[in-house]
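Worksheet: the structure to be examined is printed underneath.
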Amino acid sequence: MTPQERRPGDLDHWRDQVEDRLRALEQLVQRFADEVVTRRLVVVDPDGRDRIVAGIVGMTAELRLMATAGPSAPAVLLFANGPARPSERGLGPGVGLQLWAGGEAPVEVALWPDDGRWRPAVHLSER
């Protein structure tokens, strides 16, 4: 009996529908394994608090790793700036790492272009 000949109440018809849906779900899961496209990705701890946040802020790609939740929590921020758009003021291209604590970034290590060369910059501040 072909799938077209089966009646809707038929067990074989139901099984064919489940198999079709399972195949479609497997294809969807495989596409997620290949690539996930999003503007922001958040990984939460068992209590539902953001601990890892990856995203785009303006022209800056950021990866933030937080020791705990909250605005003053210790954190590590890895960033990469794209070139500023002509209509916007911005920092321009650059990459760096910031260490955050108490709502401030007292440590930053970065690379910025200057006169056609990439130059390191280290900022250390005591509150």
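The values are calculated or read from the model by the stated rules, or taken from the named source; none is laboratory data. Values in this document were obtained by computation on a predicted structure and should not be read as measured data. Methodologically, a virtual Cβ is constructed for each residue, glycine included, from the backbone with ideal geometry; neighbour enumeration extends over all protein chains shown.
Give the residues of segment 95-124 that are among the acidic types (Asp, Glu) and either in a strand (DSSP E or B) or at pLDDT 90 or above (or both), sorted by residue number.
GLU104, GLU108, ASP114
Kindly list, by first and then second residue, each pair from a residue in segment 59-78 that is of a type outside the set (A, V, I, L, M) to a residue that is part of a loop (DSSP other than H, G, I, E, B) and surrounded by fewer than 16 Cβ atoms within 10 Å (Cβ to Cβ), limited to pairs with Cβ atoms under 6 Å and residues at least 6 apart or on different chains.
From segment 59-78, the pairs are PRO71/GLY103; SER72/GLY102; SER72/GLY103; PRO74/ALA67.
Does ARG23 satisfy the criteria of being surrounded by 12 or more Cβ atoms within 10 Å (Cβ to Cβ) and either not β-branched (Val, Ile, Thr) or not assigned by TED's automatic domain parsing to the domain that holds VAL109 (or both)?
No: the conditions fail for ARG23.
Given GLY9, GLY48, GLY92, which one is at pLDDT below 95, in a loop (DSSP other than H, G, I, E, B), within 28 Å of GLU126 (Cα to Cα) and not β-branched (Val, Ile, Thr)?
Working: GLY9 fails: within 28 Å of GLU126 (Cα to Cα); GLY48 fails: within 28 Å of GLU126 (Cα to Cα).
Sole residue among the options that is at pLDDT below 95, in a loop (DSSP other than H, G, I, E, B), within 28 Å of GLU126 (Cα to Cα) and not β-branched (Val, Ile, Thr): GLY92.
From the list ASP16, ASP34, ASP47, which one is out of contact with any helix residue (DSSP H, G or I) (no Cβ under 9 Å at 6 or more places or on another chain) and farther than 27 Å from ALA80 by Cα? Outline the logic, then answer.
Values: ASP16 fails: out of contact with any helix residue (DSSP H, G or I) (no Cβ under 9 Å at 6 or more places or on another chain); ASP34 fails: farther than 27 Å from ALA80 by Cα.
ASP47 is the lone residue from the list that is out of contact with any helix residue (DSSP H, G or I) (no Cβ under 9 Å at 6 or more places or on another chain) and farther than 27 Å from ALA80 by Cα.
Tell me yes or no: at least one residue of segment 19-36 is small (Gly, Ala, Ser), modelled with pLDDT of 90 or more and part of a loop (DSSP other than H, G, I, E, B).
no
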